[in-house]
Amino acid sequence: MFRTELAVVGAGPAGLSAALAASECGVDTLIVDNGSTPGGQLVKQTHKFFGSKAEHAGTRGIHIARLLAGELQRSPQVEYWSESTALGYYEDQVLLVEREGRAHAVHCDALVVATGAAERHMVFPGNDLPGVYGAGAVQTLMNVHGVKPGERVLIVGAGNIGLIVSYQLLQAGVRVAAVVEASRYIGGYAVHASKLRRLSVPILTSHTVKEAHGHEQVERATVWQIDETFTGVPGTEIEFEVDVICLAVGLSPVTDLLCQIGCKMKYVPELGGYVPIRNENMQTTRSEVFVAGDASGVEEGSSAMLTGRLAGYAAAAYLGKCPDFQNKRAECQRALDALRAGPSGQKVRAGLSVVVSMEAGTC
Amino acid sequence: MLKSTGVPEREQLDAVTPPASRRSKGPVAMFECFERIPCDPCYHACKHGAVKEFLDICDVPEVDFERCTGCGLCVVACPGLAIFILDETPSDHAVVGLPYEMLPVPEPGQEVTLLDREGRELGKGEVSQVSRPRVGSGTLLVKLKIPKEMVQDVRSFRLERGTP
């Protein structure tokens, strides 16, 4: 059996930050990730990050992935298994991992779950036609593999992801017919919306996709206005000649592993769905299991790095290897509070207020 | 309004426009950043102390136009591409500096179609300079020669072919 002090599931911004923080404290760490290169969603984020300079603001996500991967390589105490899937975690602190077609049992003294989030789909006639994509899939095709998803795209959802992917499509030479948003307001940052408007992309609030049409694939989309009850208004239909409908309608935390472990979960709409109850150190109701990043509630890359670092230090403290934990914790918390301050952090603050609880263990 | 259209209102723009007295002296930055979001690269990018330090990372930038030299370091640093350089000192035209992240990269002398904040065509302009500052992460600063009266409206451009 493979033995490690700390196992981290997920090599996105949260998992990498957790592993780096723990190894900084002298904890032997194994990262398990199903991707082929470290970075998680960072490897497709070609835009510059917001947040503070300490969390790489102004740096493009792809470059942050390289920075973190570089630090990982320089940390002799971190072992990294790519293309490996965590299958389950059991009573005797064994993590079962599928790697190169074989199951490996990994015994760990502490575990950080940083499994990220998954895209939501949307119900409308024709949503099963080829050409209906999630925004993450569009980014993977375009920014990781250099493949254009189509020639003319309708974007559904004006949150940051929808706005950013629209801009990246324009950069790739793809036309964006419009961005439609069900809410009355643009959910993403105004600066992202302004960038698109300057490039002649219309943003239609209080509109949604009614139907996708096409024989073998998407050829056309019908969009219509919706009222305050989110019901379509007949007579307001607009047709768009598009070969791609890109859905950017939100993310849900990926928490299968945490559920299987038996961590106490709670449904918190503001955080995207079911998330584990944890204390302010990211420790779940199972004392050796910590959570980080979007798996603890959907936020964004900078906060994922910070909750990751916090979980990494907390796991090290749990293992008795982080004597300066209170200071390190306070530093992470200060940066997180700053990121979550202001109107854009309101939803997350509301969600956290009901899920960060003393019910979870104390390390 | 900005949060339903993506286009700032006139009053919002008036509040962040550098004063005419400063604009008559030389190039100066205009920060079209209106929303309280966690972001501070402009403060760190400015080498002249023109962007006041952020007490709260969600503050919108406060600019000392007298210190601003119009160098453009903040333009290429801003993740929101929300900063522009205005130069109204030439006698027969104005120059506007824009952040640019598209391909192909325009050439000085090239004619472009000028666009406003809603992507509407305003007329023709000419690329006067393309610079890629050593700092920053690849965003270019493109300067356009434009008719003087359009300096408050031109915020984007389209190449004759090849750009969306």
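Here are the numbers for this structure:
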| read-out | value |
| --- | --- |
| Spacing of the two label points (7 Å from each Cα toward its C-beta) at A:Ser75 and B:Lys52, in nm | 3.9 nm |
| Selection from A:Ile62, A:Ala316, A:Pro269 lying farthest towards where the dipole of chain A points positive, charges on Cβ | A:Ile62 |
| Neighbourhood charge, 10 Å Cβ-Cβ cut-off, centred on A:Gly10 and excluding it, Lys, Arg +1 and Asp, Glu -1 | -2 |
| Formal net charge of residues neighbouring A:Leu169 (Cβ-Cβ distance under 11 Å; K, R +1; D, E -1) | +2 |
| P(r) tail fraction, chain A - alpha-carbon pairs more than 40 Å apart, % | 16 percent |
| Cα-centred dipole magnitude for chain B, charges only on beta-carbon of K, R (+1) and D, E (-1), debye, nearest 20 | 380 debye |
| Ranking by accessible area, most exposed first, for A:His145, B:His48, A:His107 with a 1.4 Å probe | A:His145, B:His48, A:His107 |
| Residue-level accessible surface for A:Phe325, protein heavy atoms, 1.4 Å, Å² | 10 Å² |
| With at most 14 other Cβ atoms within 10 Å, longest stretch of chain B clear of loop GluC sites (Glu not before Pro) (DSSP) | B:67-159 |
| Calculated from backbone phi, Karplus (6.51, -1.76, 1.60) coupling profile of region A:155-162 in Hz, x at Gly/Pro | 9, 10, x, 10, x, 4, 5, x |
| Other-chain or far-sequence residues with amide H under 5 Å of A:Ser84's (modelled H) | A:Asp33, A:Asn34, A:Gly35 |
| Reduced Cα scattering model of region A:129-247, Debye log10 I(q)/I(0), q = 0.12, 0.16, 0.18, 0.23 Å⁻¹ | -0.38, -0.69, -0.87, -1.35 |
| Where trypsin sites (Lys or Arg not before Pro) in DSSP loops with at most 13 other Cβ within 10 Å are excluded, longest remaining stretch of chain A | A:185-363 |
| For A:Gly134, residues with placed amide H under 5 Å, excluding near neighbours | A:Leu247 |
| Given 10 as the ceiling on other Cβ atoms within 10 Å, longest exposed-site-free region of chain B for trypsin sites (Lys or Arg not before Pro) in DSSP loops | B:1-133 |
| At least 40 Å² accessible surface lost relative to isolated chain, residues of region A:51-83 (1.4 Å probe) | A:Gly51, A:Lys53, A:Arg60 |
| Residue among A:Gly88, A:Gly26, A:Val123 farthest towards the positive dipole end of region A:1-148, charges placed on Cβ | A:Val123 |
| Size of charge dipole - region A:232-363 - debye, nearest 20, with Cβ of Lys, Arg +1 and Asp, Glu -1, no other charges | 900 debye |
| Low-density loop positions, chymotrypsin sites (Phe, Trp or Tyr not before Pro), region A:122-221 - DSSP coil, at most 16 other Cβ in 10 Å | A:Tyr185 |
| Interface size A-B, as summed buried accessible area [1.4 Å probe, Å², nearest 100] | 3200 Å² |
| Accessible area in square angstrom per residue, region A:129-247, 1.4 angstrom probe | 38 Å² |
| Delta accessible area of at least 20 Å² on complex formation, residues of region B:51-82, 1.4 Å probe, chain isolated as reference | B:Ile57, B:Cys58, B:Pro79, B:Gly80, B:Leu81 |
| Antiparallel bridges, percent of DSSP beta bridges restricted to region A:169-258 (to nearest 5) | 75 percent |
| Rough spin-label spacing in nm, given labels placed 7 Å along Cα→Cβ, for A:His213 and A:Val144 | 3.4 nm |
| 3J(HN,Hα) from dihedral phi, region A:99-109, Karplus parametrisation 6.51/-1.76/1.60, rounded to Hz, x for glycine, proline | 8, 6, x, 10, 8, 10, 8, 10, 8, 10, 8 |
| Carbon/sulfur fraction of accessible area - chain A, other protein chains in place, 1.4 Å, % | 50 percent |
| Within the protein assembly as shown, helix-based [θ] at 222 nm, where runs of 4 or more DSSP H residues each add -39,500 (n - 2.57), nearest 500 | -6500 deg cm²/dmol |
| For A:Leu30, distant residues with modelled amide H under 5 Å away | A:Leu6, A:Ala7, A:Val8, A:Glu79 |
| Unsatisfied cross-links (Cα-Cα over 21 Å) in the set A:Lys44/B:Lys3; A:Lys328/B:Lys47; B:Lys25/B:Lys143; A:Lys44/B:Lys47; A:Lys53/A:Lys321; A:Lys266/B:Lys3 | A:Lys44/B:Lys3; A:Lys328/B:Lys47; A:Lys44/B:Lys47; A:Lys53/A:Lys321; A:Lys266/B:Lys3 |
| Cβ charges +1 (Lys, Arg) and -1 (Asp, Glu), total dipole of the protein assembly as shown, debye | 940 debye |
| Net charge contributed by nearby residues that have their C-beta within less than 13 Å of A:Thr140 (K/R +1, D/E -1) | +1 |
| FRET efficiency estimate (nearest 0.05) - Cβ-Cβ, A:Leu87 to B:Gln12, R0 45 angstrom | 0.30 |
| Hits among aspartates and glutamates - C-alpha to C-alpha of A:Lys347 under 17 Å, sequence gap 8 or more where chains match | A:Glu270, A:Asp294, A:Glu299, A:Glu300, A:Asp337, B:Glu35 |
| Selection from B:Gly6, B:Gly26, B:Ala77 lying farthest towards where the dipole of region B:1-77 points positive, charges on Cβ | B:Gly26 |
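The values are calculated or read from the model by the stated rules, or taken from the named source; none is laboratory data. Given the structure is predicted, the values throughout are model-derived calculations rather than measurements. When we count neighbours, we look across all protein chains shown, and the Cβ atoms used for this are built from the backbone with ideal geometry, even at glycine. Accessible surface areas use protein heavy atoms only, side chains included; no ligands, DNA or RNA. Shrake-Rupley method; radii C 1.70, N 1.55, O 1.52, S 1.80 Å.
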